[in-house]
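Presented below is the structure to which this report refers.
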Amino acid sequence: MVASSGRAVVARRRGGPERLVLADQEFADPAPGGVRVAVQVAGAAYGDVLLREGLVPGTEFPVTPGYDAVGIIEAVGEGVTELVPGQRVVVRTAGSGGYATHVEVSQDFAVAVPLDLDAAALVALPLNYVSAWQMLTRVAPAAPGSTVLVHGAAGGVGGALAELAQLRGLTVIGTASASRLEALTAGGVVAVDRAGDWVRAVRAAAPDGVDTVFDGVGGATSRRSFTLLGAGGHLVVYGITGGLRRGRRSPLALAGTAAGTLRQSALGLFGKGLGIDGYMSASYVPAYPKRFREDLTELAALLTRRAISPRIAARLPLAQAAEAHRLLADGVSGKIVLDVEGRR
């Protein structure tokens, strides 16, 4: 095997989007059990903003953001038997490295996919759709006919939650900004303006309470959402976007999120017949690689059958990663995709 020369988007220290610069980089041969992939497209996600801002524990700078990518296997490490050079794969990184012409990942987090599937749609699967699928099927499964509340239902993970929940026969109430309510309604979601009295609106839509709440905001949003649960309901908290302001670290917002965090004793939950679950993709996926491969394979099959249609918010060249982060800070409907020059 031979090392490859290429480029990667690098943040040399924490800060705003302007910290992201494209730099030349050498990509070594894959380690045992790993594969090196020539990237066609990479996905940009809100988790990358948290990484850039230094809000992901254990982050060491310089760092290349990027959780997900689609590309062609260029080389395999010792012990890799089920994947071979030339195969097209969709991959999940360990939390960084995707914004590059090449990326190395463990074979445990690479799934072979057909050549004819759209790369932009595929790159929405490893983070957004797998997170949504695992919350819906593994963390807090709900029976068909149940009602769920999805905060940020027009966003990346929120949009995937809304789509997959409906596919599983659930009624979805979704909060979003006023400009996105019409699109949610057209998609079959009971749309609620998050800037208004959304608690009252949800109660009107579900007088007996909702069965599950999916909350990626945290803080006071979680606390208020808990009051909307019906008998036996579950609150699933999977993010803290409320701790940032326009995509930037905000001590005031972080303090407000911490102060507003829901606190319930186990005895209190038992007495009310309710549950609180936490889901963090960055820890759940590495802990259960077999589940990840199963779930990603199932989602790719749904995409092949056109049962799901990931929404692409924007496609930008790799060199415009900073602009992708600015768009993420403003809020987007769907996935932002970075095209690697010379590859599609």
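The values are calculated or read from the model by the stated rules, or taken from the named source; none is laboratory data. Note that the structure is predicted; figures quoted are calculated from it, not measured. Cβ atoms come from the backbone with ideal geometry, glycine included; neighbour counts cover every protein chain shown. Quick note on the areas: whole protein, heavy atoms, side chains included, nothing else; ligands and nucleic acids left out. Shrake-Rupley method; radii C 1.70, N 1.55, O 1.52, S 1.80 Å.
Taking the criterion of being assigned to a loop (DSSP other than H, G, I, E, B), touching a residue at least 24 places away in the same chain (Cβ under 8 Å), more than 17 Å from the chain's Cα centre (by Cα) and more than 25 Å from ALA287 (Cβ to Cβ), would at least one residue in segment 121-142 satisfy it? No. Kindly provide the set of residues from segment 183-195 that are open to solvent by 40 Å² or more (accessible area, probe 1.4 Å) and outside any strand (DSSP E or B), ordered by number. Within segment 183-195, ALA183, THR185, ALA186, GLY187, GLY188, ARG194, ALA195 qualify. When the test is whether a residue is under 25 Å from TYR284 (Cα atoms), open to solvent by 10 Å² or more (accessible area, probe 1.4 Å) and at pLDDT 95 or above, LEU167 passes it. For segment 304-319, the tally of residues that are open to solvent by 20 Å² or more (accessible area, probe 1.4 Å), more than 15 Å from the chain's Cα centre (by Cα), farther than 15 Å from ALA11 by Cβ and touching a residue at least 12 places away in the same chain (Cβ under 8 Å) stands at 7.
Look at segment 214-237: where a residue is touching a residue at least 40 places away in the same chain (Cβ under 8 Å) and a partner is open to solvent by 40 Å² or more (accessible area, probe 1.4 Å) and in a helix (DSSP H, G or I), sitting 6+ places away or on another chain with Cβ atoms under 7 Å, you get GLY216/THR241; VAL217/THR241; GLY219/GLY256; LEU228/ARG203. Note on segment 210-220: among residues that are modelled with pLDDT of 90 or more, touching a Ser or Thr at 6+ places or on another chain (Cβ under 8 Å) and open to solvent by less than 40 Å² (accessible area, probe 1.4 Å), the one that is nearest to ALA45 (Cα to Cα) is GLY216. Given the criteria modelled with pLDDT under 95, surrounded by fewer than 22 Cβ atoms within 10 Å (Cβ to Cβ), assigned to a helix (DSSP H, G or I) and out of contact with any His (no Cβ under 7 Å at 6 or more places or on another chain), does ARG223 qualify? It is true that ARG223 is modelled with pLDDT under 95, surrounded by fewer than 22 Cβ atoms within 10 Å (Cβ to Cβ), assigned to a helix (DSSP H, G or I) and out of contact with any His (no Cβ under 7 Å at 6 or more places or on another chain).
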